[in-house]
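Notes follow once the structure below has been shown.
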Amino acid sequence: MTDETGAFSAPNPPQFNSAGGEELIAFADCELIGINNAMMLVINRQNGNQQIMSPQVVEGLKTCTGFNTLAAHAAHLASTRPELNGNQAMAATVLANLNAAGMLLRAGEVCTRLARPAPRQLPPTRVFLITCDRPAAVERLLESLLRNGKLAQHDALFLVDDSRDQRNRDANSEAVARFNLRSAKEMHYVGAQAQQTLLSGLAAALPAHATGVRFLLDPAQWQGRKTYGRSRTLCLLLSVGYRALVMDDDILCQAILPPMAEAGVGIGSGGMRKAAFYDSEQALLASGKPAGFDPLSGHASLLGSTLGDAIRAVNHGPLQEPQLVYVNAALANVLTAESPILVTQCGSLGDPGTGGAHWGIYLGEDSVERLLASPQGLAALEHRMAWLGSARPNFFKMPFMSQLTGLDNSRLLPPYFPAFRGEDALFGAMLVAMHHHSVSLEYPWSVPHLPLEARNFSLQEPMVSGAGISLFARYLTEHIDYKDTTDPAHNLRFLVQDTLRIAARTDADLLLDYRAELARGQADGLYMMQDQYARTQKFGSAQWQAYLRRGIEEMQRAIATNQSPTGIHGVAANATEAELLQEFREMARGFAAALAGWVEMREVAPGLVDELIGSRQLLPH
């Protein structure tokens, strides 16, 4: 599970019944200072109002963080707080008094704040295709781009090749050369030689940051490891000042409407993504109608715009108060009309892109119902013939990665960690840590994601959430203070110092940090499974019930076990804790060095890239 504003969140928000036309309120963004066992000082951070409350009242209010009517909140409190003994009128009186005293947040104020127009001139776009040893997929995508992409409207096209096999590099270079004979816009081939030229140029221009440059870009530093993030960092360096559209090589350049649609917009609310399941690729591809535009143009339509303008565009007018029902008030309270949309995403039609088969536990009730009613039942999670995406435009804080992702690189974005899985989670956490008021947008359409190689994920694999880069991402997310400075360069420097601070901790402290962050992630997974299990009766599926029970038992055992980094998947069997902790420190220091030089790398890169393009060294022959 990610942050509550991310891709996967609580399957269902609290089921309140809101009445149309009534004011929506919530309790959030307050400082809580315990005075004694009977009193707590509560200070509203928005207006400075304060009140003394009992700890029992505050505990109840902590469950009212989503916008809803006073009556709905009162009914919820009366049914869940034992001290109220079902007295809804008493709860309503307390809430009314708090609202009158200015202690609660009002959804109407959020709507007013987000309604202000904040237009921005959008920079041009550059398109990137990233690949690693999949020339057949590259050929298919290039053909799809020629058929469907309006390529002339983009400033430049690039294929970033991270292939290890020289035969695949040659095949990709030749494919780009053939593409250029037919395309309205030439594509640049960024192979090993061009990447080395960029690396050497950056290191020579920035000798004080040469270690950080090599950490991010030198493949020799990551021999034998999957460098998922390295290619994406190259895309950022090749597009400084532009908006970047980054495509995985195993998609098609087609925009497909979702099999279901919802009105309005979503803002950081639970259950934002939905899923549908199919028994064949033919049925899958026939499930959605073409959107009528190419996905590159679709991504570029709102990428880099402001939240105020984007909401007006996709909502066909200002946000209305009833649209904020269930929305997390703390999230809504940090949004402004000027909040930049730094990342855009879209859904997947085909392989959902998840790293395993257990993604069903994060789905909402309607999606679980479709899963269990599908011809393959629970096994559809292994079959990977699905639609996973949004049925309406959804705005949220923490971005993840889709198979076609938009990045507003005219702003200061962080680099990706060069290797390992989880690089998208760390990028998202750093992005929000640097740009506190930014948002991400997922469009209500998908691209076909059809890997040519077999991907065998089994439901029999352990359901316990693993460790890795995502633990550091979780740490960063938990420590973001939205009241801190909004200067992204300053916040990036803070990330450098925080990374070095963590690297300097003792073995004992690092092991405790590891166990604590891992346990927090597993506790989230346990909560998710228990929440799903509580609703299994309505589905009437013994298989689903047994599957969740197994996951709950696995997660409980994992939480009760003294976890060691030697148990991380892929770690050598003879590795010791001391060796792994030292390796972590070296990587943390290397990444800190990269972050420390990142602003300067971005300043130097455009000149090097212009020279490569101008000399036509990037055009295959």
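Before moving on, here are some points about what is shown:
- Cα point-scatterer Debye curve for the stretch 24-114, base-10 log of I(q)/I(0) at q = 0.14, 0.22, 0.24 Å⁻¹: -0.47, -1.13, -1.30
- A crude spin-label estimate for the pair Glu338 and Leu459, with each label 7 Å from Cα along the Cβ direction, gives 5.1 nm.
- Our estimate of slack between His569 and Gln320, defined as 0.36 nm per intervening residue step minus the Cα-Cα distance, is 84.9 nm.
- Violating pairs (Cα-Cα greater than 30 angstrom) within the set Lys62/Lys397; Lys150/Lys483; Lys226/Lys397: Lys150/Lys483
- Sorted peptide list for 533-546, 193-206, criterion being average Cβ within 10 angstrom, highest first: 193-206, 533-546
- Shape analysis of the stretch 525-567 yields a ratio of the Cα radius of gyration to the Kirkwood radius, Rg/Rh, of 1.11.
- Cα radius of gyration and Dmax for the stretch 228-343 (Å): 17.1, 45
- For the stretch 125-250, the Kirkwood hydrodynamic radius comes to 15.1 Å, computed from all pairs of different C-alpha atoms.
- Across the stretch 125-250, C-alpha contacts under 8 Å between residues 6 or more apart give a mean separation that, scaled by the residue count, equals a relative contact order of 37 percent.
- In terms of its alpha-carbon gyration tensor, the stretch 470-621 comes out prolate; a/c meets the 1.5 threshold, and the first ratio a/b outweighs b/c.
- Per-selection Rg to Rh, the chain - Cα, Kirkwood hydrodynamic radius: 0.96
- The stretch 399-476: proportion of alpha-carbon pairs further apart than 14 angstrom, %: 71
- Taking other C-beta atoms within 10 Å as the exposure proxy, Lys185, Lys289 rank Lys289, Lys185 from fewest upward.
- Relative contact order (%) - the chain, alpha-carbon pairs under 8 angstrom, separation at least six: 18
- Placing unit charges on each Cβ (+1 for Lys and Arg, -1 for Asp and Glu) gives the stretch 282-415 a dipole about its Cα centre, and among Ser390, Ala330, Leu372 the Cα reaching farthest toward its positive end belongs to Ser390.
- The stretch 24-114 - percent relative contact order, Cα under 8 Å, separation 6 or more: 33
Computed from the coordinates by the stated procedures, all read-outs in this text should not be read as laboratory data. None of these values were measured; they are calculated from a predicted model. With ideal geometry, Cβ positions are generated from the backbone for all residues, glycine too; neighbour counts draw on all protein chains shown.
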